[in-house]
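One structure is given here, and the rest of the page talks about it.
The values are calculated or read from the model by the stated rules, or taken from the named source; none is laboratory data. Quick caveat: nothing in here was measured; it's all calculated off a predicted structure. Here the Cβ positions follow ideal geometry from the backbone for every residue, glycine too, while neighbour counts run over all protein chains shown.
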């Protein structure tokens with residue numbers, strides 16, 4: 001198998017930037033709804049600027065930075081039912097609870113989930129220090145304020161013509177919705193033209209990188225696997241069509257890698273790539289993902305772009321380059337007719353070939369709401385056609401069918417385990433303290449006017 005690519009020996013430990021990890025997630029949020037126009041980055045900039053004015057201790061600042069950057073991540077599982085900005089009015093506590101339940105599964109950000117969970121609880125003259133018997137972190141109220149300012153601010157309108165109106169709206173709700181100390185700090189930082197100019201014309205990516213003080217974390221491949229499972233959860237919880245798909249591919253890719261003679265660490269990397277390969281499908285509406293019939297040409301263009309988005313999202317993470325390639329190249333074919341790079345032959349690495357075969361095998365074998373999974377002979381016929389057309393590696397396909405029962409068992413077990421985890425996630429969200437309290441928050445429509 002070595003003829004396919006000359007492989008580097010994988011590192012067992014790697015330093016990753018927490019900023020790059022959360023920025024990749026924030027990019028995924030942009031991909032699912034570009035109309036949000038970097039809302040999460042605007043909120044982070046506002047919150048971090050106020051935090052700097054307040055002189056927050058470094059750890060508190062870092063917790064706030066992460067939580068503000070990812071405060072709307074709970075919108076990802078529900079984005080097809082409610083557009084993200086509508087959550088702010090229609091379902092603020094629901095998406096905050098979902099965000100909390102997601103982020104508790106993300107390593108290395110232990111304090112941020114609670115800040116996200118309560119970021120729509122009103123100040124209520126100090127009564128917002130607790131909510132349904134639970135203490136509310138004060139910095140949740142700072143995210144709440146920053147979020148409301150971001151909603152009021154329109155980057156497409158002349159910047160300074162908006163300032164007086166935003167000040168008036170925020171001031172009118174001080175002490176009711178917002179902590180007055182945070183409002184006072186906002187008034188101070190927003191008296192500087194640079195605050196508004198950064199929001200309007202500055203590169204928020206560059207500005208936030210400068211403001212970020214998050215550390216690098218050294219992780220081993222098992223830690224990286226845990227992070228990749230979080231990314232997969234974000235993808236798989238969106239649609240019943242894609243639920244558990246990533247877990248099946250991850251397990252198959254790792255087993256095929258072992259059978260192909262790859263090292264134990266390389267097999268872990270393949271598993272990570274399997275979990276991450278479809279992160280770009282956040283760009284694809286569920287109406288396309290769940291369409292039982294054939295796609296129109298326009299829908300195919302949208303679907304085929306997902307591998308580009310996978311590379312763009314994961315490409316933000318320094319040190320993940322090889323895994324990113326394996327994940328993003330799973331629709332390249334040996335004849336050069338794949339997408340989006342049209343790689344051919346030896347340009348496609350062994351890892352990418354394995355993920356491609358694992359993806360097709362899992363997609364064909366798993367049950368979908370509109371059809372039963374293919375049996376062995378149906379699957380073999382499909383693969384033989386692709387090999388004959390020069391699209392897939394015959395060696396990898398031979399490995400698959402020489403070990404079909406083992407790989408199918410690995411796939412089934414992995415997808416069952418992922419289904420249990422998804423059920424646990426939704427149960428935790430349904431039974432959360434906040435999801436049945438939508439009427440507890442005051443009317444936010446007045447603030448938006």
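Being farther than 29 Å from residue 232 by Cα, modelled with pLDDT of 95 or more, in contact with a helix residue (DSSP H, G or I) (Cβ under 9 Å, 6 or more places away or on another chain) and surrounded by 23 or more Cβ atoms within 10 Å (Cβ to Cβ) is the requirement here; does residue 51 meet it? If you could, list the steps in order and put the result at the bottom.
On the way: farther than 29 Å from residue 232 by Cα: yes; modelled with pLDDT of 95 or more: yes; in contact with a helix residue (DSSP H, G or I) (Cβ under 9 Å, 6 or more places away or on another chain): yes; surrounded by 23 or more Cβ atoms within 10 Å (Cβ to Cβ): yes.
Yes.
So that you can scan it fast, the table gives a plain yes or no per residue for (1) surrounded by fewer than 16 Cβ atoms within 10 Å (Cβ to Cβ); (2) touching a strand residue (DSSP E or B) at 6+ places or on another chain (Cβ under 7 Å); (3) assigned to a helix (DSSP H, G or I); (4) not assigned by TED's automatic domain parsing to the domain that holds residue 267:
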site	(1), (2), (3), (4)
127	yes, no, yes, yes
139	no, no, yes, yes
146	no, no, yes, yes
151	no, no, yes, yes
154	yes, no, no, yes
158	yes, no, no, yes
168	yes, no, yes, yes
182	no, no, yes, yes
187	yes, no, yes, yes
Could you list all residues from region 383-400 that are touching a helix residue (DSSP H, G or I) at 6+ places or on another chain (Cβ under 8 Å) and surrounded by 15 or more Cβ atoms within 10 Å (Cβ to Cβ)?
383, 386, 387, 392, 393, 396, 397, 399, 400
Wholly enclosed helices (runs of 4 or more DSSP H) of region 318-433 bearing at least 2 residues under 31 Å from the mean Cα position of the chain (by Cα) and modelled with pLDDT of 95 or more
321-328, 350-365, 394-402, 404-430
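Would you call residue 246 under 19 Å from residue 19 (Cβ atoms), in contact with a helix residue (DSSP H, G or I) (Cβ under 6 Å, 6 or more places away or on another chain) and surrounded by 24 or more Cβ atoms within 10 Å (Cβ to Cβ)?
Details: under 19 Å from residue 19 (Cβ atoms): no; in contact with a helix residue (DSSP H, G or I) (Cβ under 6 Å, 6 or more places away or on another chain): yes; surrounded by 24 or more Cβ atoms within 10 Å (Cβ to Cβ): yes.
No: the conditions fail for residue 246.
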For region 277-287, what are the residues that are outside any loop (DSSP other than H, G, I, E, B) and either under 29 Å from residue 254 (Cβ atoms) or more than 22 Å from the chain's Cα centre (by Cα) (or both)?
279, 280, 281, 282, 283, 286
